[in-house]
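Chemist: This structure is in C-alpha cells; I'll ask about it shortly.
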Amino acid sequence: MSVPERVRAVVEPVVAAQDLELFDLEQAGGVLRVTVDRPGGVDMEAISAATRAVSRALDEHDPIAGHYTLEVSSPGLERPLRTPAHFAWAVGRQVSVKTVPDHPAGRRLTGTITAADDHTVTLALDEPAGELVTLALDDIEKARTTFEWGPAPKPGGPKKKPASTTTPTNKKVQP
C-alpha cells in the first residue's frame, strides 16, 4: 500500500465520523493537506474538531515517515479540481482551466463543465460562446471552480443628500 493510500485509509473514516466528507488529500513536500466539506459548508468549529481528530489518528497510526505539517481546511468558494471525482462534482459549474503548454485548445480556458468521466472533461467555453471542447485530464495542468462576485459598486459610492441645517420659519420677508 502506497503512502497516499495508507494516509487515506486512516483519514477518511476519521473525517466521516465528524460528519464531514473528505474532498481532497494531498502531500506536497513536508505538508499534508486534508480538505473537508459537507453540504452547507464547514465552519471553524468543524475544522478545529477535524484537525484534532485527524492529528490524533495520524499520530496513532503513523502512516507517513518523517516530519510533516498537517493542514486541514475547507475547499473554499473557488475549489481546485484535481481528480476525476472533483470534475464530476463540478458538472454544471463555471470553471477556469490551465492546460499543458502548446495545447491545441489554448492555454487558458473558461467555461461550464458539461460532462466528466475518469479520463476526460468537456467544457462549454465562454469564448467563443458555447463551443464545446473535450480535454484529457492529463492535459489539464490546473483547474478550479470560479465564483462570480457580482457587479462592482459605482465609484464614489451612493450620493447622500446633505442634511439641512436650517429650520423652517413662518416669518415673511419684505422686498
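Chemist: Count, please, the residues in the stretch 84-96 that happen to be out of contact with any helix residue (DSSP H, G or I) (no Cβ under 7 Å at 6 or more places or on another chain), surrounded by 15 or more Cβ atoms within 10 Å (Cβ to Cβ) and farther than 21 Å from residue 107 by Cβ.
Modeler: Counting residues in the stretch 84-96 that are out of contact with any helix residue (DSSP H, G or I) (no Cβ under 7 Å at 6 or more places or on another chain), surrounded by 15 or more Cβ atoms within 10 Å (Cβ to Cβ) and farther than 21 Å from residue 107 by Cβ gives 2.
Chemist: Continuing with the same structure: Going by the structure shown, is residue 44 more than 24 Å from residue 81 (Cβ to Cβ) and within 19 Å of the chain's Cα centre (by Cα)? Spell out the reasoning first.
Modeler: Values: more than 24 Å from residue 81 (Cβ to Cβ): yes; within 19 Å of the chain's Cα centre (by Cα): yes.
When the stated conditions are applied, residue 44 passes them.
Chemist: Considering only residues that are surrounded by 13 or more Cβ atoms within 10 Å (Cβ to Cβ), in a loop (DSSP other than H, G, I, E, B) and out of contact with any Ser or Thr (no Cβ under 8 Å at 6 or more places or on another chain), which ones fall in the stretch 103-119?
Modeler: 103
Chemist: Looking at 38, 6, which is the one that is more than 15 Å from the chain's Cα centre (by Cα), surrounded by 13 or more Cβ atoms within 10 Å (Cβ to Cβ) and not aliphatic (A, V, I, L, M)?
Modeler: Values: 38 fails: more than 15 Å from the chain's Cα centre (by Cα).
Unique residue meeting the criteria: 6.
Residues are listed down the side, and each one gets a yes or a no for (1) in a strand (DSSP E or B); (2) over 24 Å from residue 27 (Cα atoms); (3) not acidic (Asp, Glu):
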{"position": "60", "(1), (2), (3)": "no, no, no"}
{"position": "72", "(1), (2), (3)": "yes, no, yes"}
{"position": "78", "(1), (2), (3)": "no, no, no"}
{"position": "85", "(1), (2), (3)": "no, no, yes"}
{"position": "101", "(1), (2), (3)": "no, yes, yes"}
{"position": "121", "(1), (2), (3)": "yes, yes, yes"}
{"position": "134", "(1), (2), (3)": "yes, yes, yes"}
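Chemist: Would you point out the residue of the stretch 144-156, among those that are surrounded by 12 or more Cβ atoms within 10 Å (Cβ to Cβ) and out of contact with any Ser or Thr (no Cβ under 7 Å at 6 or more places or on another chain), that is nearest to residue 84 (Cα to Cα)? Write out each step before concluding.
Modeler: Here is the first cut: in the stretch 144-156, the ones surrounded by 12 or more Cβ atoms within 10 Å (Cβ to Cβ) are 144-147.
Then keep just the ones that are out of contact with any Ser or Thr (no Cβ under 7 Å at 6 or more places or on another chain); that gives 145, 147.
Numbers: 145: 14, 147: 21 Å.
Among residues in the stretch 144-156 that are surrounded by 12 or more Cβ atoms within 10 Å (Cβ to Cβ) and out of contact with any Ser or Thr (no Cβ under 7 Å at 6 or more places or on another chain), the one nearest to residue 84 (Cα to Cα) is 145.
Read-outs: derived from the displayed coordinates by stated rules, not from any lab. Just so you know, these numbers come straight off a predicted model, no measurement behind them. As a convention, Cβ positions derive from the backbone with ideal geometry for all residues, glycine included, and neighbour counts pool all protein chains shown.
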